[in-house]
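Scroll down for the structure; my scribbles are underneath it.
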Amino acid sequence: MIGMLVTVAACGGQDPTIARASPVPSASEPSATPAKPAKGYSYELRKSDIRWNGTGDPYNDTVELDDGRRVAMHYRRGKGLYEQHSDPQGNGWTRPSLIYGTKTEACQGVHLRAFGATVTAVADFGIYCSDGEPPTESIAAVAVGNLRTWKHHLTRSFDGWERVSAGDGGKEITFRRGSSTLRWSRSGGFST
């Protein structure tokens, strides 16, 4: 019994064949290096400069597409709504791109949805939005494919879009609030 305990202790509690099968690389051997970011994806993900003390984070949102890419949006105080997206391997992000510029205060909530290769965003701005005033600028935005070009539609003095749905595999998008609708199609863009 004592001889058996000595054998287990000497091997560190491991089966000796397993220990030999997975050697630790020496300092002279090259270790696996992370993949190099694809061209244009060499930036860090940025976050909103607006502080939030509640649960969740209404000034930032991220969505993942079927191909592994991620899209993120954030507000910048006095500048507007910015977008970044990652390469499919997640090795880096694009430079932040301004989707909608405004000096008006961001309302709580930027919402992203993915429908196949189509990504939608809903965001609102208003003069005293953080104090509970309704939005004065409501944005619906859509990007397809490489995500480098975003189209947006501004609705003024509107309480913001509540629901987004897609048809024809993401080629047609409908934004809704109550009886108000805004439609976007890949062939025709935005129409009310």
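No value in this document is a laboratory result; all are computed from the given coordinates. Worth saying up front: this structure is predicted, and the values here are computed from it rather than measured. Reconstructed Cβ throughout: ideal geometry from the backbone, glycine too, with neighbour counts over all protein chains shown.
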* Kindly flag which residue pairs out of 103/151; 39/79; 39/171; 47/103; 151/171; 47/151 have an alpha-carbon separation exceeding 25 Å in this structure. => 39/79; 39/171
* Treating the beta-carbon of each Lys and Arg as +1 and of each Asp and Glu as -1, no other charges, what is the dipole magnitude of region 60-192 about its Cα centre, to the nearest 20 debye? -> 360 debye
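Tally Lys and Arg at +1 and Asp and Glu at -1 over the other residues with C-beta under 9 Å from the C-beta of residue 184: what net charge comes out? Please report the intermediate quantities before stating the final value.
On the way: positive: 151, 183, 186; negative: 172.
So the environment of residue 184 carries a net charge of +2.
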* Can you give me the relative contact order of region 38-178 as a percent, contacts being Cα pairs under 8 Å and 6 or more apart? -> 17 percent
* Asked: Roughly how many nanometres apart are two label points built 7 Å out from the Cα toward the Cβ at residue 159 and residue 89?
  -> 4.8 nm
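Counting Lys +1, Arg +1, Asp -1, Glu -1, what net charge surrounds residue 161 among other residues with beta carbon under 10 Å of its beta carbon?
0
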* Asked: Going highest first, how would you order 95-105, 43-53 by mean Cβ packing within 10 Å?
  -> 95-105, 43-53
* **Two-site label geometry, residue 77 and residue 185: point separation in nm, points 7 Å out along Cα→Cβ** => 4.4 nm
* **9 Å beta-carbon shell around residue 141, net charge (K/R +1, D/E -1)** => 0
* How far apart, in nm, are the 7 Å Cα→Cβ label points at residue 146 and residue 39? -> 1.0 nm
